[in-house]
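Just so it is clear, none of the values below were taken in a lab; they were calculated from the coordinates. Remember, predicted model here, so these are calculated numbers, not experimental data. Here the Cβ positions follow ideal geometry from the backbone for every residue, glycine too, while neighbour counts run over all protein chains shown.
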């Protein structure tokens, strides 16, 4: 079923069709929210809420327009709301940065940032990918990684910084038209 | 980008940003470098997402909208019922001027109650965690027994008492490994979430939690507040024992509210006749009395495969069948064949017999291809294979000979499901496969 058919079916209450739309758009939405939020669960929560917003508002969606941009607008609003809601609970220093992020909302990326990053990750070797996964997805502390790898925490921090540099350059290259 | 800015970005993500770093970062976010800084700032978040399974969102959204639909149906039903009542009222002769006002007020109160109730219903519709098990587990939900299949969600209030070891997995990756016959009730409140352990033992690996929403394990005697750690809890007859492996937890004695902070490799016991003190795990803590019948000192063996199907397994490649618990896998098109479990293990003892034909070896993979061994074929003979995984120590033997471990996707040992793999053109048979999750402590050395 193509996206148009999925939208038409979802508007009539077909949950499977809506799940199809979620499947189509979730990666791009996660990539979009991750531009403003770094915690994995925060991103998933905001994306989930955005899709629930879309489900509730589906009968108001103008079918002559593109679904993706409409969804991403809902998602950007949800992200801003999340950032604003957490301000009172944040340490002052972190809240200052959050306020700067709120003041300059992220613009629509020209590509699917998550997909580009995944292509760039494939260029790293398995041990490097594993290290990044442990640190950023599993949340393993640098100290703990250092103990596991038999290196100093500073050395692990440097390795992570360099890997992020490599990925950043790779992603920037993809935006400027180079092959990632 | 300057090193100082990179350090400030790292500190922002770690939550350790100081005033100087905040000033540097906010200035950069409003200056000409804003796009580059923003892009760099986003990388940590994108990395976390890159390693997150794509179906996580699909599943959670489905559950939410199913909950929404149930709630909407209740609203429609209530509205319908109210509409009928209102019409009946209109047909009645007017009895008093105050009656409509009173009814309106009652209606408003009723609607407020219904909306509040719907919020509760919507929240309870969201599963707290998922069941990872070899076989379905019977759960008591709303005073009724329901059968929960592996992978399905579990909800607040569910009473879970598995007959074999099962794992409960939260969306943030936290997991509780319940020992056979452990009895837990899932709970959530505005400020915390977790389980109440009525009886038995469980091992916990808790992901980093938000400061305002702790993961809490309660027993009749104690409360364990967790921020992110790995530990073991046994609740017996009026006695709770907590053994901590990593991180720190806050342990509170319910009877008098006294609290202790446990750190790595420390234990404590909450019981009427024992001192409530922190003990080093070098000093052995008394175990729960053997007279407690529900806590097995040595866990029983459990069949790895059910008697007839492979519902708890994912057939990633090739064709797999299960005949009375003996599993056979191959690929008629001479492709590879891989059978991946859905149940993650951290500690594991597995015994099974393998028969490998058509190729020189088959692989037993641990931790979802974290580490693996090549089991050499032995003609058409069966080979006795034993897997012993405790903490970071893994040993796999074939007919008593220790096999060389090979790294799959990384060096650090982690919990994950088992997998069996056979090269193209080969056939792998697995019989008499049984496993158990050891209760004893993992060794401190690798």
Q.
Based only on other Cβ atoms within 10 Å, what is the fewest-to-most ordering of A:64, B:380, B:188?
A. A:64, B:380, B:188
**Q.** Segment residue B:66-residue B:145, length gained on full extension (0.36 nm per residue, minus Cα span)
**A.** 26.3 nm
Q. What's the angle, to the nearest 10 degrees (0 to 90), between helix A:15-34's Cα axis and the longest principal axis of chain A?
A. 40
Q) Taking R0 as 22 Å, what's the FRET efficiency between residue B:246 and residue A:89 from their Cβ-Cβ distance, rounded to 0.05? A) 0.25
Q. If each residue's Cβ is checked for other Cβ atoms within 10 Å, how do B:371, B:313 rank with the fewest at the top?
A. B:371, B:313
Q: Could you check which residue among A:29, A:96, A:58 shows the biggest mean-square fluctuation in a GNM of chain A with a 10 Å Cα cutoff?
A: A:96
(Q) Between helix A:40-57 and chain A, what is the angle of the helix's C-alpha long axis to the longest principal axis, kept within 0 to 90° and rounded to the nearest 10? (A) 10
Q. Using the alpha-carbon centroid of each, what span in Å lies between the stretch A:117-176 and the stretch B:31-67?
A. 17
Q.
Using Cβ counts within 10 Å as a stand-in for footprinting exposure, how do A:138, A:2 rank, fewest first?
A. A:2, A:138
Q: Let me have the 222 nm mean residue ellipticity of chain A computed from DSSP H runs of 4+ only, each contributing -39500 (n - 2.57), with the sum over all residues rounded to the nearest 500.
A: -23000 deg cm²/dmol
Q. What does the average come to when, for each residue of peptide B:163-172, you count the partner chain Cβ atoms lying within 10 Å of its Cβ?
A. 1
Q: First measure r as the distance between the Cβ atoms of residue A:155 and residue B:393, then evaluate 1/(1 + (r/R0)^6) with R0 = 25 Å and state the FRET efficiency to the nearest 0.05.
A: 0.45
Q) Say R0 is 60 Å: what FRET efficiency, to the nearest 0.05, do residue B:18 and residue B:380 get from their beta-carbon distance? A) 0.30
Q) Average partner chain C-beta neighbours within 10 Å, per residue of A:40-46? A) 6
(Q) Inside 10 Å of the C-beta atoms of B:143-152, what's the mean count of C-beta atoms belonging to other chains? (A) 0
Q. At what distance in nm do the modelled label points of residue B:238 and residue A:122 sit from each other, each positioned 7 Å from its Cα along Cα→Cβ?
A. 6.4
Q | Simple spin-label estimate for residue B:220 and residue A:172 in nanometres, 7 Å along Cα-Cβ | A | 6.4
(Q) What is the angle, in °, between the Cα long axis of helix A:67-86 and the longest principal axis of the Cα atoms in chain A? Nearest 10 is fine, range 0 to 90. (A) 60
Q: Starting from the Cα of residue A:16, move 7 Å in the Cα-to-Cβ direction to define the label point; list residues of the stretch A:53-95 whose amide nitrogen is under 18 Å from there.
A: none
